[in-house]
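Q: Handing you this structure, nothing more for now.
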Amino acid sequence: MIRISAWAAAIKPSATLAAGALARQLKAAGINVYDFSLGEPDFNTPEHICAAAAAAARQGQTHYTPTSGTAEVKNAICTWYQRFHGYAIEPGQVIVSNGAKHSIHNALAATVGPGDEVIIPTPYWVSYSDLVQMTGARAVLVETRPETGFKLTPEQLRAALSPRTRLLMLNSPCNPTGTVYTRAELEKLVDTLLEHSDAAILSDEIYEQLIYGSAQPTCVATLRPELRERTITVSGASKSYAMTGWRMGWAIAPPAVVQAMDAIQSQETSCPSSISQAALVAALTGPQDCVVQMRDEFAARRELTCRLLRQIPGIRLHEPQGAFYAFFDVSSYFGRRFGQDTVTDSVSFCKALLMQAHVNLVPGIAFGAEGYVRMSFATSRSVIETGLARLAEWLQTGV
Ligand code: PMP
Ligand code: GLU
C-alpha cells in the first residue's frame, strides 16, 4: 500500500469542482440536472481567439516558452492594464500561469510559509484557505456580514493584523457574494494596512470585467503609489473571455516576487501552454465586443435570478454587483424534513435538493459561510427559470 503524505491528506478537494463532478455523474446516469454549481461561463470561447490558437499551433508555436510566458503575452498584459486601469507596468512584473488558481498558488508559495498569517475575509472563494494551508501559513478568517454588504471594514482589518500578518487577500468582485467594493472603501482598507503593518496584498481581480449596474472595477495596486511594491494582482481569462479550459491566469507583482514565482513554476510546470498563450494574446488585444456581449447576457441573467429568488419565501438574497453568483441565506429552512432527509446545514440542504429535485447548488460552508448556498447563474435563462421553479416547489415540501 502506498502511504499518502500528511500534506496531501490535509488538503480538501475543491468543493466547487466536486459539486460539478457530482452533477456530471448524475447526468451520465440519464438524470436531468439543473446545475448551478460551477462558476464557468456556458459560452464557448469566441471564434477569433480559437482561430489565433489554431494558427499558432500550425505555425509551430508548439514548443516550451519562457517559464513566465512569451514576450508577446506579457506585452499584451502590460498594454491591457495601461488601457483598462491606467496602470503602467513592465514585462518584468508579469508572470503567466496555468489559470489564476495556479497564479494564486505560486504567489502564496513565493511569499508565505510556516509561522506567517494570511488574512482572508469570509465568505471567500473556496480554494483560498486550502491554498494558504498548503504553504504551511495560517489563514486568519475574518467574518464579513450581509449588513455591511459582505465587506471587510477597516476596523475589522485593524483587529486582525498581527506582527505575523504577511498578506491580506482581497477579491472584488467577490466569488461567492458578488460584492464589489467602491474605490473609497478600498482606499480606507489599504490605508489601514499601510499605516499598521508591513504586510502585502494579494488582490484577486479575475471578475473585473463582469460588473453590473453602477459598480466600478478597481485595480487595488493603483490606489496608492506604495502599493506597486506591496501588491500582487491576480487575474485571468477564464471568466471574461470564456476561456476556463485554456488555463490562462497571470500575476503582476514586484520583480523579486515574479522571479520567485518563476523559479517555482520552472520546477512545477516549466511554462504555461504555448497555444493558450497565443489565444490569450488574441483575447487581450483583439476586439472586446465579445466581452460586452457576454456581460450583457450575464446582466440579464442576474436580473432574472434575483427577481425569481426574491419571490421565494424564506430566502434572503444578497444582491450581487459583479461576478456571476447569487449567494443567499437558506437557514430558515434548517430543521425541516424534506422526504426522508432532515436538513440541518448547507451541506445537507444541497445534498437533499440535488437528490430530490435535481437542482445543484454549492453549500455556503465551502466558502466559510454556513447558512448560505451559492448559485452560479452562468447558465441559460431557461435553465435558471426551470431550476428556480423547482427549487421553490421543493422548498414547499419541507415540514
Ligand atoms: N479566483 C476566483 C475568485 C475564482 O472564482 C476563480 C474561478 N475558477 C479563480 C480565481 C481561478 O480561475 P482560473 O484558475 O480558471 O483562472
Ligand atoms: N471558480 C469557479 C467556481 O468557484 C470554478 C471552480 C473552481 O475553480 O474551483 O465555481
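Q: Of all residues being in a strand (DSSP E or B) and in contact with a helix residue (DSSP H, G or I) (Cβ under 6 Å, 6 or more places away or on another chain) in the range 330-364, which is farthest from F298 (Cα to Cα)? Just the residue, please.
A: D341
Q: Okay, next question. Among the residues in the range 115-124, are any small (G, A, S) and either within 16 Å of ligand 1 (Cβ to nearest atom) or under 26 Å from A279 (Cβ atoms) (or both)?
A: Within the range 115-124, none of the residues are small (G, A, S) and either within 16 Å of ligand 1 (Cβ to nearest atom) or under 26 Å from A279 (Cβ atoms) (or both).
Q: Quick one: count up the residues across the range 192-230 that are closer than 15 Å to T182 by Cβ, of a type outside the set (G, A, S) and at pLDDT below 95.
A: Counting residues in the range 192-230 that are closer than 15 Å to T182 by Cβ, of a type outside the set (G, A, S) and at pLDDT below 95 gives 1.
Q: Taking M248 and the conditions (1) in contact with a Lys or Arg (Cβ under 7 Å, 6 or more places away or on another chain); (2) within 14 Å of ligand 1 (Cβ to nearest atom), which numbered condition does it fall short on, given that it satisfies the others?
A: (1)
Q: Exactly one condition in (1) away from ligand 2 (no atom under 16 Å from the Cβ); (2) farther than 30 Å from H63 by Cα; (3) touching a residue at least 12 places away in the same chain (Cβ under 8 Å) is not met by A283; state its number.
A: For A283, the exception is condition (2).
Q: Can you tell which of T122, T135, T111 is farther than 18 Å from T16 by Cα, touching an Asp or Glu at 6+ places or on another chain (Cβ under 9 Å) and either at pLDDT 95 or above or within 15 Å of ligand 2 (Cβ to nearest atom) (or both)?
A: None of the others qualify; the one that does is T135.
Q: While we're on this one: Hey, could you check the range 279-300 for residues that are touching a helix residue (DSSP H, G or I) at 6+ places or on another chain (Cβ under 9 Å) and not in a helix (DSSP H, G or I) and say which is nearest to S97 (Cα to Cα)?
A: Ranking the candidates gives G286 first.
Q: Looking at the range 365-388, is at least one residue touching a helix residue (DSSP H, G or I) at 6+ places or on another chain (Cβ under 8 Å) and on the phi > 0 side of the Ramachandran plot?
A: yes
Q: Answer yes or no as to whether T344 is surrounded by fewer than 16 Cβ atoms within 10 Å (Cβ to Cβ), in contact with a strand residue (DSSP E or B) (Cβ under 7 Å, 6 or more places away or on another chain) and more than 18 Å from D35 (Cβ to Cβ).
A: no
Q: If you don't mind, there's one more thing I want to ask. Being surrounded by fewer than 22 Cβ atoms within 10 Å (Cβ to Cβ), within 14 Å of ligand 1 (Cβ to nearest atom) and among the basic types (K, R) is the requirement here; does R295 meet it?
A: no
Q: Here's something else I'd like to know. Taking R3 and the conditions (1) within 16 Å of ligand 2 (Cβ to nearest atom); (2) over 29 Å from A378 (Cβ atoms), which numbered condition does it fall short on, given that it satisfies the others?
A: (1)
Q: While we're here: Residues of the range 217-269 being part of a helix (DSSP H, G or I) and either within 16 Å of ligand 2 (Cβ to nearest atom) or touching an Asp or Glu at 6+ places or on another chain (Cβ under 6 Å) (or both), which ones?
A: Those that are part of a helix (DSSP H, G or I) and either within 16 Å of ligand 2 (Cβ to nearest atom) or touching an Asp or Glu at 6+ places or on another chain (Cβ under 6 Å) (or both): T244, G245, W246.
Q: Also, I was wondering about something else. If the Cβ limit is 8 Å and pairs must be 6+ apart or interchain, which residue in the range 78-105 that is without any contact (Cβ under 8 Å) to a residue 60 or more places away in the chain pairs with which residue that is within 16 Å of ligand 2 (Cβ to nearest atom) and part of a helix (DSSP H, G or I)?
A: Close Cβ pairs (under 8 Å, with a partner that is within 16 Å of ligand 2 (Cβ to nearest atom) and part of a helix (DSSP H, G or I)) amount to H105/L131; H105/M134.
Q: So which residues in the range 43-88 are out of contact with any Gly (no Cβ under 9 Å at 6 or more places or on another chain) and among the β-branched types (V, I, T), if there are any at all?
A: Answer for the range 43-88, where residues must be out of contact with any Gly (no Cβ under 9 Å at 6 or more places or on another chain) and among the β-branched types (V, I, T): T62, T65, T67, T70, V73, T79.
Q: Examine the range 319-329 for a residue that is in a helix (DSSP H, G or I) and either on the phi > 0 side of the Ramachandran plot or buried (at least 18 other Cβ atoms within 10 Å of the Cβ) (or both), and state whether such a residue exists.
A: no
Q: Looking at A15, A76, A10, can you tell me which residue is under 23 Å from the mean Cα position of the chain (by Cα), closer than 22 Å to V234 by Cα and away from ligand 2 (no atom under 16 Å from the Cβ)?
A: Of the residues listed, the single one that is under 23 Å from the mean Cα position of the chain (by Cα), closer than 22 Å to V234 by Cα and away from ligand 2 (no atom under 16 Å from the Cβ) is A76.
Q: What do you reckon, is E143 under 19 Å from the mean Cα position of the chain (by Cα) and either among the charged types (D, E, K, R) or modelled with pLDDT under 95 (or both)?
A: Criteria met by E143.
The values are calculated or read from the model by the stated rules, or taken from the named source; none is laboratory data. Treat the numbers as computed from the prediction; the structure is a model and nothing was measured. Cβ sites come from the backbone with ideal geometry, for glycine too, and all protein chains shown count toward neighbours.
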